[in-house]
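Note sheet for the following structure.
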Amino acid sequence: MEKPVGTVGKIFYYLWVGFKTNAIVVFGLFALFISIIFISGLFSGGDKVKVPEGAALVFAPKGVITEQPQFVDPISEALGESLGNGNPPEENIYDLLQILQEAKDDDRITMVAIYPGEIAGVGPAMLEMLRDGIADFKTSGKKVVAYGDFYSQAQYYIAAQADEVYMHPYGGVILEGYSRVRTYYASLLENLKVTPNVFKVGTYKSAIEPYLRDDMSEYAKDANRVFLGDIWELFKQDIAKARGIQASEIDSGINNYAATMTQEGGDFAAIAVKMNLVDKLITRPAFREMMIEKVGENEKETSYKQISHRQYLKAIKPPFEFVDPDKPKVAVIVAKGAIMDGRQKEGTIGGDTLAYKIRRARLDDSVKAIVLRVDSPGGSAFASEVIRQELVKAKEQGLPLVVSMGTYAASGGYWISANADEIWARPSTLTGSIGIFGFIPTFERSLNWAGIYRDGVGTTNLAGAMDVGRGLSPEVKQIIQANIENGYDRFLTLVATGRDMSKEDVDKIAQGRIWSGVKAKELGLVDNLGSLKDAINAAAKRAELTEGEYHIWKVKRELSEKERLIKDLFKSQVADHQELIESFKSDTPSTKLLQSLKAELEQVQSFNDPNHAYVHCNCELD
């Protein structure tokens with residue numbers, strides 16, 4: 001490009017030169033970053049991780065423990081972590097369970113040391129799964145110890161499963177019970193002149209309340225108290241059993257904490273010992289020395305002989321999953337996250353994406369049964385129905401269909417579960433929430449307040465009906481409400497059909513009400529309480545398959561060519577060169593509040609149902 005003569009031309013010329021120069025610099029730095037990772041990966045030789053003989057397995061999950069980690073572009077993930085602004089790390093619950101299972105029979109592993117201090121999020125059902133995994137490991141006779149500075153409620157639950165629980169002398173255990181606290185926006189929307197057009201069916205369908213009220217309704221409070229009480233009782237019973245105390249002592253200890261704090265001179269650690277929540281207060285150096293006495297010193301003589309659970313996973317996990325094509329299969333399909341219309345990546349359930357996975361499984365002649373693992377609070381009613389129809393088609397082919405519920409299988413999560421031959425839930429699963437709502441915010445008052453108006457003509461009464469700058473007409477509201485009521489009736493019908501109940505009986509336990517797995521079994525919404533393994537065994541039994549003669553096929557989304565290329569080139573090397581964000585902390589009060597607000601905003605943004613009809617429970621625990 002030649003340098004122009006005119007002033008305006010010169011301005012654009014220099015802008016272009018600056019842009020081109022910046023682009024070259026940015027691209028060069030990016031290419032250098034990728035080259036360093038890739039070349040160092042080549043020279044690393046891909047050596048298999050060595051497990052030290054007689055080592056302790058350091059079991060220290062970080063971030064969010066999840067059923068299925070969200071999909072993150074490996075390059076974006078690498079750049080985000082390098083700059084220190086990546087998303088909270090995630091760990092797959094099944095990787096953690098596999099680690100414990102393999103370590104149980106591995107002679108190189110002598111014991112497990114649990115460090116739960118960097119766990120940022122884990123649901124009650126996941127806690128139960130970890131509890132069972134640790135209990136299974138302990139059947140080997142190997143010892144399990146836990147150490148922490150401060151234990152949050154979930155962190156302590158995991159630590160309590162150890163034979164011995166240690167804590168820093170300046171630490172503490174924070175048990176507070178379960179709560180359901182939400183942020184309400186009615187006054188904010190009124191101040192902003194936003195009209196929250198809401199359509200719903202179900203007395204207890206409170207997912208949309210924050211946009212209509214400034215506080216929680218009594219109906220919602222009553223329903224929340226019931227399922228929170230169930231989950232809390234299960235939590236207390238597990239802690240009491242692990243620590244050899246009475247469950248009632250936990251409640252009394254919490255309710256009298258202020259008085260006890262005064263008596264103990266404000267010493268959190270002393271109270272934890274007094275409540276028999278920890279066995280001994282010990283500093284980090286002293287704990288390290290104690291572990292050296294148990295398993296010996298490492299080669300560098302800096303700590304005890306150990307291997308982290310991530311390194312151990314690399315040592316035991318094959319590079320790819322082999323499924324014998326000649327053996328019959330039980331297909332396991334994970335439905336994790338909010339349900340949205342269309343195609344979605346991991347972390348969210350796309351109606352089309354999940355339906356395609358089900359179709360792949362049912363059209364595979366070697367598949368003899370399907371297990372749907374549901375961990376979802378619901379979402380789009382249309383997408384839920386797209387998924388359900390594909391499951392019904394599988395049943396019509398004669399394939400047994402068994403559902404295994406995780407932390408959540410409510411609203412849309414229950415919609416896609418109801419027609420299964422058999423439903424398994426964890427005792428703490430949150431399920432039910434059989435109800436439906438529609439939500440369309442309009443901004444006509446906001447625009448009018450600012451002096452902006454919208455007007456025009458159309459060929460019919462419904463032309464431009466969904467213009468959020470003009471508001472919804474009474475006719476449009478009537479149409480949407482009728483559709484929502486029809487959706488609720490369909491929900492009742494499919495549940496009644498699937499569970500062999502009358503619509504009237506379903507309606508009595510529906511109305512958007514959330515139930516624990518224990519209560520759901522009593523009400524007939526689930527058949528059995530148990531694990532994913534129990535559900536797989538049940539599916540195999542229905543297909544008349546005996547153990548050892550079939551493979552478990554975990555049906556996954558097929559990556560695009562671009563995703564495969566990026567993953568193959570970079571992801572493994574990034575994982576080798578950079579651990580998960582060490583400095584990440586998500587348990588501060590301010591961070592929790594900001595995360596909850598961000599989650600609510602993302603939820604509204606995810607409302608993409610073509611009929612504006614949603615089966616979502618909004619039942620995440622605090």
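The values are calculated or read from the model by the stated rules, or taken from the named source; none is laboratory data. Everything quoted here is computed from the prediction, not taken from an experiment. Positions of Cβ are generated from backbone atoms using ideal geometry, with glycine treated the same way; all protein chains shown enter the neighbour counts.
The table below lists the values:
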item: Boolean, Ile581 is under 22 Å from the mean Cα position of the chain (by Cα), surrounded by 16 or more Cβ atoms within 10 Å (Cβ to Cβ), modelled with pLDDT under 95 and among the aliphatic types (A, V, I, L, M); result: yes
item: Inter-residue pairs, beta-carbon under 7 Å, first aliphatic (A, V, I, L, M) and in the stretch 258-281, second at pLDDT below 95 and part of a loop (DSSP other than H, G, I, E, B), 6+ apart; result: Ala270/Glu264; Ile271/Glu264
item: Failed condition for Ala482, given (1) out of contact with any Cys (no Cβ under 9 Å at 6 or more places or on another chain); (2) surrounded by 14 or more Cβ atoms within 10 Å (Cβ to Cβ); (3) not β-branched (Val, Ile, Thr); result: (2)
item: Single match in Val323, Val330 (criterion: outside any helix (DSSP H, G or I), within 25 Å of the chain's Cα centre (by Cα) and aliphatic (A, V, I, L, M)); result: Val330
item: Among residues of the stretch 227-244, those that are in contact (Cβ under 8 Å) with a residue 24 or more places away in the chain, farther than 12 Å from Leu175 by Cβ and surrounded by 14 or more Cβ atoms within 10 Å (Cβ to Cβ), counted; result: 7
item: Unique residue being closer than 18 Å to Val144 by Cα, in the same structural domain as Tyr147 (by TED's automatic domain parsing) and surrounded by 12 or more Cβ atoms within 10 Å (Cβ to Cβ) when the list is Ile282, Ile254; result: Ile282
item: Test for Asp215: is it part of a helix (DSSP H, G or I), out of contact with any His (no Cβ under 6 Å at 6 or more places or on another chain) and either touching a residue at least 12 places away in the same chain (Cβ under 8 Å) or β-branched (Val, Ile, Thr) (or both); result: no
item: Residue check for Ala207: under 30 Å from Phe437 (Cα atoms), under 26 Å from the mean Cα position of the chain (by Cα) and of a type outside the set (Phe, Trp, Tyr); result: yes
item: Cross-chain or 6+ apart pairs with Cβ under 7 Å, the stretch 363-384 first and without any contact (Cβ under 8 Å) to a residue 24 or more places away in the chain and outside the structural domain of Pro400 (by TED's automatic domain parsing), then basic (Lys, Arg) and in a loop (DSSP other than H, G, I, E, B); result: none
item: Scan of the stretch 529-541 for residues that are farther than 20 Å from Ile416 by Cα and either in contact (Cβ under 8 Å) with a residue 12 or more places away in the chain or not in a helix (DSSP H, G or I) (or both), ordered by number; result: Ala540
item: Residues that are modelled with pLDDT of 95 or more and farther than 20 Å from Gln155 by Cα, drawn from the stretch 57-92; result: none
item: Some residue of the stretch 188-211 being in contact with a Phe, Trp or Tyr (Cβ under 6 Å, 6 or more places away or on another chain) and either part of a helix (DSSP H, G or I) or at pLDDT 95 or above (or both); result: yes
item: Residues that are out of contact with any helix residue (DSSP H, G or I) (no Cβ under 7 Å at 6 or more places or on another chain) and touching a residue at least 40 places away in the same chain (Cβ under 8 Å), drawn from the stretch 108-141; result: Arg108, Tyr115, Glu118, Ala120, Gly121, Gly123, Ala125, Glu128, Asp132
item: Residues that are within 28 Å of Leu430 (Cβ to Cβ) and surrounded by 19 or more Cβ atoms within 10 Å (Cβ to Cβ), drawn from the stretch 166-177; result: Val173, Leu175
item: Subset tally (residues that are within 25 Å of the chain's Cα centre (by Cα) and either in a loop (DSSP other than H, G, I, E, B) or hydroxyl-bearing (Ser, Thr, Tyr) (or both)) for the stretch 231-250; result: 0
item: Leu228 more than 27 Å from the chain's Cα centre (by Cα), within 30 Å of Glu485 (Cα to Cα) and either assigned to a helix (DSSP H, G or I) or not hydrophobic (A, V, I, L, M, F, W, C) (or both); result: no
item: Qualifying positions in the stretch 258-273 - under 18 Å from Ala160 (Cβ atoms) and either loosely packed, with under 14 Cβ neighbours inside 10 Å or aromatic (Phe, Trp, Tyr) (or both); result: Phe268
item: Selected residue (only one of Val526, Val468 is among the β-branched types (Val, Ile, Thr), surrounded by 15 or more Cβ atoms within 10 Å (Cβ to Cβ) and without any contact (Cβ under 8 Å) to a residue 40 or more places away in the chain); result: Val468
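Results for (1) under 14 Å from Val495 (Cα atoms); (2) touching a strand residue (DSSP E or B) at 6+ places or on another chain (Cβ under 8 Å); (3) charged (D, E, K, R), shown as yes or no for each residue.
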position: Lys368; (1), (2), (3): no, yes, yes
position: Val374; (1), (2), (3): no, yes, no
position: Lys395; (1), (2), (3): no, yes, yes
position: Ile416; (1), (2), (3): yes, yes, no
